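For reference, the structure discussed in these notes is given below.
The values are calculated or read from the model by the stated rules, or taken from the named source; none is laboratory data. Every value quoted in this text rests on a predicted model; they were computed, and no experiment measured them. Here Cβ is always computed from backbone atoms with ideal geometry, including for glycine, and neighbour counts include all displayed protein chains. Heavy atoms of the whole protein, side chains included, go into the accessibility calculation; ligands, DNA and RNA do not. Shrake-Rupley method; radii C 1.70, N 1.55, O 1.52, S 1.80 Å.
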Amino acid sequence: MADSGGLTDNRTGRVLIAWLVGATILGGGLRLYRLGAASFWVDELNTIRVCADLPGMHRSKVTGYLPTAIGLWSHDVRVSEISAEHPELWRSLGINEYRARIGSAVIGILSIPLLALASRRLLGARAAGLFAVLLAIAPWHIYWSQASRYYTLQFLFYNLSLIWYFSATERFSRWRMIAAMVAMVLAFLSQPPALVICGIFAIDWIAGRTGAWRVHLGSFGWTAALISLGVCVAVLFQDVKHTPEDFVQFAGISYQNWSKMILGMVFMVNPVLVTFGVLVVGWLYTKHNKRLTFFLVAAAILPTLVFAIASPFVYVGLRYSFVCLFAWLAIVAIAGERFYEAVRPQLGGLAAITPVAAIAAAAMLVNHGYFTNGYGFHTRWRDAFEYVEAQRKADDLVMCRHPMIGKYYLEDADIGRLPSTKEGVEAINCPTWIVFEAEDSVRGHVPRWFDDVVEWKASFDLGVVQPKSSVCVYYYEPSPSDGA
């Protein structure tokens, strides 16, 4: 087990607090910087729409919408007056990107000290401080802290549950087991896929049964776990029973293939960090706490693996495996601290911090692109619709795949849903602006027949490597015979 004297030893405690304060200030600055600069994307607008009727929302997700609702309430936005059918009225209520995202940003900031403090007995005080810094600059965590969604809240509760479960079963503690199970339920109520955590608990318990280490679960632990899981299953069952169509629609949809899920996880966690983690994990297993290393490896790999396997059969996205970031950072924090202690006496402090410095530099390089020319990795809908607003005539129609976005940014325009076929576009009988979300690169994955039917006008690219990196504007004018 890692050292437990983090806060009892005065000097170590002061060092840890200094690390936490510095990391929280740094992380807070990164999460609040240009918080409202990036455009909304459709899921953020759906979050706002749901906030108007939280009592009618699925119980299995309701907690996840609270940060957005509270952020809007705190800015005197009358959430109850939000009309799902009329996003063009939302800005008049005071809804904007900053106000919708501030709740997620606050949760993201608080996660830095809370997770570091909770894990100090797990990782050791110095490694917990290093973990806090790595989380503060983690691009994936910054991204979700600047999005009006539920992933930072799920991330916090999910990983608190991981930490407290391990502590409770290392040296059995009823209170820690209760805390772990409560956190698991809250993670589930933020986003149901959080139940993947049960697979990590099961792998740890099965490994313990082989005699490799002891997992102190006991009848109390089993009871707490089964009750908590039962609550989650019961809530989910009621949601499926009342609105089965909301869940069935995700079956049979292949959103991302398994290889993209795995490669995407490596890219979002940080390729340099993942490489270092893979290289040191064997050393940690033999030289450090075997059970903790095994547990963290399972937590780092299992979520991505489960959703990658499921991706051909159900609608799952890379964001579902976001929770694995904690384990990767924890592995690197432990290894980085151990590497420093081993190398510093022989080669000096500069050589000892090289691996962690390289990881931090890689993260900050991504963050630099994110804030400067990456537009927060959010498709530039605002820019595209501002272009359309400046060019269109009063009677022109506007079409896009997600009319909700168009209605929000073009408050007085006639917004329609873009037809999916060439024949559908050719049936339009009035001048029309088409705003189309391309994938992979400028004008990438645009239907080939587009150029035969419509006139390309402009592209608004992120300028970085990012799926769905650009949004294109086209103009369609029917021939005189079509309008006759």
Sorting VAL388, VAL133 on solvent-accessible surface, 1.4 Å probe, most exposed first, gives VAL133, VAL388
Roughly how tilted is helix 197-209, in degrees to the nearest 10 and between 0 and 90, from the longest Cα axis of the chain?
-> 30 degrees
Dipole-positive endmost among TYR150, ILE109, THR169 within region 75-222 (Cβ charges, Cα centre) | THR169
The chain, accessible surface, carbon-and-sulfur percent (1.4 angstrom probe) = 61 percent
Ignoring ligands, DNA and RNA, how do PHE220, PHE307, PHE267 rank by accessible area with a 1.4 Å probe, largest first?
-> PHE267, PHE220, PHE307
Burial order of peptide ranges 168-174, 64-70, 35-41 (average beta-carbon count within 10 Å, highest first) = 64-70, 35-41, 168-174
With the 8 Å Cα cutoff and a minimum separation of six or more residues, the chain has a relative contact order in percent of 15 percent
For region 149-163, Karplus couplings with θ = phi - 60° (6.51, -1.76, 1.60), whole Hz, Gly/Pro x | 9, 9, 6, 5, 5, 4, 4, 5, 5, 4, 7, 5, 4, 4, 5
Does region 156-226 classify as rounded, prolate or oblate by the C-alpha gyration tensor (a ≥ b ≥ c root eigenvalues; a/c under 1.5 gives rounded; else a/b over b/c gives prolate, otherwise oblate)?
-> prolate
Just the projected area, averaged over all directions, of the convex hull on the alpha carbon atoms of region 1-144: how many nm²?
-> 10.1 nm²
Of the options GLN238, GLY199, GLY424, report the single residue whose Cα projects farthest towards the positive end of the charge dipole of the chain (beta-carbon charges: Lys, Arg +1; Asp, Glu -1).
-> GLY199
For region 138-148, in order, what is each residue's ³J(HN,Hα) by Karplus, 6.51 cos²θ - 1.76 cosθ + 1.60 with θ = phi - 60°, in whole Hz (x at glycine and Pro)?
-> 5, x, 5, 6, 5, 4, 6, 6, 10, 9, 7
Per residue, what accessible area does the chain have, given a 1.4 Å probe and all protein chains present, in Å²?
-> 44 Å²
Calculate one ³J(HN,Hα) per residue across region 305-315 by plugging θ = phi - 60° into the Karplus curve 6.51 cos²θ - 1.76 cosθ + 1.60, and present them in order as whole Hz with x for glycine and proline.
-> 5, 4, 6, 5, 5, 7, 4, x, 10, 9, 7
Heads up, region 22-80 by the C-alpha gyration tensor (a ≥ b ≥ c square roots of eigenvalues; a/c under 1.5 rounded, else a/b over b/c prolate, else oblate) looks prolate
Return one number: the angle in degrees, 0 to 90 and rounded to the nearest 10, between the long axis of the Cα atoms of helix 97-118 and the longest principal axis of the Cα atoms of the chain.
-> 10 degrees
Region 316-439: relative contact order as a whole-number percent, Cα under 8 Å and 6+ apart | 18 percent
Degrees, to the nearest 10: 258-269 long Cα axis against longest axis of the chain = 70 degrees
Percent of Cα-Cα distances greater than 20 Å, calculated over region 306-453 = 69 percent
Once the mean of 1/r over all distinct C-alpha pairs in region 57-141 is inverted, the Kirkwood radius in Å reads 15.1 Å
If one computes the Cα centroid of region 72-138 and of region 255-308, what distance in Å separates the two points?
-> 25 Å
Over all alpha-carbon pairs in region 84-187, figure out the percentage whose distance exceeds 16 Å.
-> 63 percent
Using alpha carbon positions and the Kirkwood radius, the Rg to Rh ratio of the chain is 1.01
In debye to the nearest 20, how big a dipole does the chain give about its Cα centre with +1 on each Lys and Arg Cβ and -1 on each Asp and Glu Cβ?
-> 2680 debye
CD proxy at 222 nm, helix term only [per DSSP H run n ≥ 4: -39500 (n - 2.57); per residue of the chain; nearest 500] = -19000 deg cm²/dmol
Calculate the translational D of region 311-384 in whole µm² s⁻¹ from Stokes-Einstein, where the hydrodynamic radius comes from the Kirkwood formula applied to all Cα pairs, the temperature is 25 °C and the viscosity 0.890 mPa s.
-> 157 µm²/s
Relative contact order of region 124-269, pairs being alpha-carbon contacts under 8 Å that are 6 or more residues apart, as % = 22 percent
Would you mind checking which residues have amide H under 5 Å from ALA458's amide H? H placed 1.01 Å from N; only 5 or more apart, or other chain.
-> VAL473
Taking H as built 1.01 Å from N, whose amide H comes closer than 5 Å to the amide H of ILE434, not counting residues under 5 places away?
-> MET399, TYR474, TYR475, TYR476
